[in-house]
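Please treat every number below as a calculation from the coordinates, not as lab data. Just so we're clear, the structure is a prediction, and the values are computed from it rather than from any experiment. Glycine gets a Cβ as well: all are built from the backbone with ideal geometry, and neighbour counts include every protein chain shown.
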Amino acid sequence: MATVTMPALAPNTANPTDVRRPPPPPILTWRAFPLVLVPVGALVGALLVNQFVFLDYVHVISGATWTGIDLFMGLVIGPVLGRMAGPARADFVQRLVPTMLFLMPTLASVAITAGIYLAIMDGVFNLHYLAIQLAGIFVLILAGQGFGIFLPNEVRIVLELRKDRPNIAKIGRLGLLNARLAGVQAVFQVALIFVMANLAAGLVNL
């Protein structure tokens, strides 16, 4: 009886964990352009025509959007991220960052700039007024948090995503920190809205 010899199977030496990582989402996409150009274009247009109502509209829309996003990030996204596992949190953050990286600094800059010009046009930009002093303090705090903490963290996340082996824990930790920071910013923004409401009512010293 003939013996049939089966060819020996080559051992599987591939590392099951050696899986090609999908490329990270691009930083700059076509969606980023309207996020920057529309608010900035509206601000420039309002300043060129020198119309108070137009500038007030730009200020209110940009400020309300900025505050609304911060409230949503702090009250909704932050707690959700805190309950997510590390890899899932990092995946969510890497999809969120490209939009936030351009949108939030633009909204903050437009809202603050429009507010200063409105105060000048309305004749209430006087550093001796308590309302202007408080508004200035809140704006400095918001700008310091946004451009000193929030934006650098976004850049750190983007740079980490460009690496061949990104630190997933670091990405998730920075994303969670920014979400919680957005909630803190929302508190100062609500306080700033209170001051602005008093300014609009002519109560310059509250």
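Observations
- Its Cα gyration tensor gives segment 32-200 an equivalent ellipsoid, and the semi-axes of that ellipsoid, as √(5λ) in whole Å with the largest first, are 33, 17, 12.
- Seen against the Cα atoms of the chain and their longest principal axis, helix 32-49 is set at about 10 degrees.
- FRET efficiency estimate (nearest 0.05) - Cβ-Cβ, Ala197 to Leu75, R0 22 angstrom: 0.50
- As a length-normalised measure over Cα pairs under 8 Å and 6 or more apart, the relative contact order of the chain settles at 30 percent.
- Counting neighbouring beta carbons within 10 Å and listing from fewest to most, the residues Tyr117, Tyr57, Tyr129 come out as Tyr57, Tyr129, Tyr117.
- GNM result for the chain, Cα springs below 10 Å: residue of Arg95, Arg83, Arg156 fluctuating most strongly: Arg83
- In plain terms, the chain from Trp30 to Asn126 could stretch by 30.4 nm, reckoned as 0.36 nm per residue minus the Cα-Cα distance.
- Based on the convex hull around the alpha carbon atoms, segment 122-206 presents an average projected area of 6.2 nm².
- R0 of 22 Å, Cβ-Cβ distance Ile116-Asn205: FRET efficiency to nearest 0.05: 0.70
- Relative to the longest principal axis of the Cα atoms of the chain, the long axis of helix 130-145 makes an angle of roughly 10 degrees.
- Cα centre as origin, Lys/Arg/Asp/Glu Cβ charges: the chain dipole, Debye: 760
- In this simple spin-label model, placing a label point 7 Å from the Cα along the Cα-to-Cβ direction at both Leu47 and Ile137 gives a separation of 2.8 nm.
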